[in-house]
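Comments concern the structure below.
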Amino acid sequence: MIDNLVAGVSTSGSPQRQNNVDRLIEIMKSRLGEELLVHEIIRSWGLNAGYFSRLFRRTTGMTPKQYLTHLRFEEAKRLLEASDLLILDVCTTVGFSSPGTFSDRFRKCFGASPTEYRQKSRRPKAVVAQVASTVQSQERP
C-alpha cells in the first residue's frame, strides 16, 4: 500500500517539495477514516521525516499530525451539522477508533461535546424554519 503512495514524489527542487506537501494533504483528505502513519508515508518517499515535517509546518502552519487532526475535526463538524449519523459513526468515519477520545478531543477543540455541537449548529436553522412557518401562516387570509 505504501508503494502506491511513492509514485510521483520528488525529493529535489522547491516546486517539487511543495508538490510533496500538496500530495500528502491530498492523501490525508482521501483517507481520513483510515489509520495514517504519516511518518511512514514520508519515509517511503525517501524523505527525512523531521525535515519534511518542518517544511510542512512552514507551508501550512501545522505539523502533519496537527493538520490531519484539523482535517478530521473539520469533517466531523460538517457531518454533525449536515447528517443524522450517530456520534459513533462520525467518530469512525473521521478516523477515531475510540468514541471517548473523539469526544474528549472534540470538546477541547470546540468547547462542546459532539452532541452539544450538533444541537447548537442546528438550533438557528430550526428557529429560522419556525419563523418562516409563522410568517406564512399569518399571510394566509
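The values are calculated or read from the model by the stated rules, or taken from the named source; none is laboratory data. All of these numbers come straight from a predicted model, not from anything done at the bench. A quick note on method: Cβ atoms are made from the backbone with ideal geometry, for glycine too, and the neighbour counts reach across all protein chains shown.
Selection over the range 54-65 of residues that are in a helix (DSSP H, G or I) and surrounded by 13 or more Cβ atoms within 10 Å (Cβ to Cβ) gives a count of 7. Annotation note: of Arg122, Arg105, the sole residue that is at pLDDT 95 or above, farther than 30 Å from Gln16 by Cβ, among the basic types (Lys, Arg) and surrounded by 12 or more Cβ atoms within 10 Å (Cβ to Cβ) is Arg105. Look through the range 74-89, keep the residues that are under 11 Å from the mean Cα position of the chain (by Cα) and surrounded by 18 or more Cβ atoms within 10 Å (Cβ to Cβ), and return whichever of them is farthest from Ala49 (Cα to Cα). Among those that are under 11 Å from the mean Cα position of the chain (by Cα) and surrounded by 18 or more Cβ atoms within 10 Å (Cβ to Cβ), it is Leu79. Is it the case that some residue within the range 14-26 is among the aliphatic types (A, V, I, L, M) and surrounded by fewer than 14 Cβ atoms within 10 Å (Cβ to Cβ)? No - not one qualifying residue is present in the range 14-26. So which of Gly46, Gly33, Gly50 is farther than 24 Å from Gln18 by Cα, at pLDDT below 95 and assigned by TED's automatic domain parsing to the domain that holds Arg17? One residue alone meets the criteria, Gly33. All conditions in (1) at pLDDT below 95; (2) in contact with a Lys or Arg (Cβ under 8 Å, 6 or more places away or on another chain) hold for Ser14, with the sole exception of (2). Close Cβ contacts (under 7 Å, 6 or more residues apart or on different chains) running from residues in the range 70-90 that are touching a residue at least 60 places away in the same chain (Cβ under 8 Å) to residues that are assigned to a helix (DSSP H, G or I) and surrounded by 13 or more Cβ atoms within 10 Å (Cβ to Cβ) are absent.
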